[in-house]
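The values are calculated or read from the model by the stated rules, or taken from the named source; none is laboratory data. This structure is a prediction, so every number in the text was calculated from the model and none was measured. Reconstructed Cβ throughout: ideal geometry from the backbone, glycine too, with neighbour counts over all protein chains shown. Heavy atoms of the whole protein, side chains included, go into the accessibility calculation; ligands, DNA and RNA do not. Shrake-Rupley method; radii C 1.70, N 1.55, O 1.52, S 1.80 Å.
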Amino acid sequence: IEFQQFQSTLMIFQWTLMKHPLKRLAKSNGYIYFFLLHIYNNYNRFISKLKTEIILHSNTCKIQYDIIGKKNKIIIGKDTIINKLTIHIRGNNNILDIGNKCFFGENCLIWMEGDNCEIKIGDHTTSTRDNEFNAQEYKSKITIGNDCMISNNVTIRTSDSHPYFDIQSGTRLNIPQNINIGNHVWIAPNTKIMKGAIIKDGAIIGSDTTISKEIPTNSLAIGRPAKIIRTNIRWSREALF
């Protein structure tokens with residue numbers, strides 16, 4: 001009953017914002033207008049979260065949800081530890097799937113804008129802190145394999161967020177592309193993994209590197225843009241201190 005009363009009140013606010021001439025009346029006072037707009041946006045977030053399928057198999061997750069859309073799905077695997085993660089979704093039918101025994105440190109962000117986007121993170125993958133995973137535009141996908149080690153201040157994104165075009169033809173030139181990261185990949189700090197990147201199993205991406213192409217299996221890539229400087233290598237998680 002309380003929820004129905006809350007919903008009815010917010011519908012009145014929505015009607016006030018959208019209908020003429022009350023819309024003009026609300027806009028005549030900026031404080032009133034932005035207050036009502038704030039209430040309306042929070043209402044959308046509240047309803048969208050209710051309509052999101054959230055499957056948590058772990059009770060050690062600190063997540064902040066910021067969702068506006070329908071039929072979205074979030075899955076968090078068993079024994080996954082999340083210290084502080086913001087999940088930002090704008091759109092419909094998006095899927096976030098984080099595997100078993102993963103770890104996310106503080107201030108990580110998962111961002112999906114568009115419809116039918118997907119971010120899938122495999123088992124035993126770790127993300128230290130201040131990392132951003134961004135699948136943007138229609139059907140964009142980020143796939144990360146098992147046992148990957150992602151350090152801090154890493155950005156992974158499928159889109160440039162804004163388009164640019166060829167002047168003569170009007171054709172858009174920066175089309176979004178999926179990102180595929182294999183198993184047991186080590187990504188060092190301050191790395192940017194951009195649209196179209198493919199990183200094969202066992203690779204190492206050095207600090208301050210930008211990736212937008214394919215990195216072969218068991219190789220080390222460093223630089224902006226990335227260059228392969230070693231091949232036939234392997235790495236382990238053991239600490240050297």
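Taking packing as the residue-averaged number of other Cβ atoms within 10 angstrom, the listed peptides 96-106, 68-78 run from highest to lowest as 96-106, 68-78. Once the convex hull of all Cα atoms in segment 136-194 is built, its volume per residue stands at 88 Å³. Taking segment 56-136 as the region of interest, the number of lysine pairs whose Cα atoms are within less than 21 Å, with members eight or more places apart or on different chains, is 15. Across the chain, C-alpha contacts under 8 Å between residues 6 or more apart give a mean separation that, scaled by the residue count, equals a relative contact order of 9 percent.
For Ile181, the residues 5 or more places off, or on other chains, whose built amide H falls under 5 Å of its own are Thr143, Ile144, Gly145, Ile199. Solvent-accessible area per residue in segment 88-161 equals 35 Å², computed with a 1.4 angstrom probe and all protein chains kept.
Accessible area per residue for segment 167-241, computed on protein heavy atoms with a 1.4 Å probe, is 60 Å².
Rolling a 1.4 angstrom probe over the chain with all protein chains present gives an accessible area of which 54% lies on carbon and sulfur atoms. For the chain, the longest principal axis of the alpha carbon atoms and the long axis of helix 2-18 meet at an angle near 80°.
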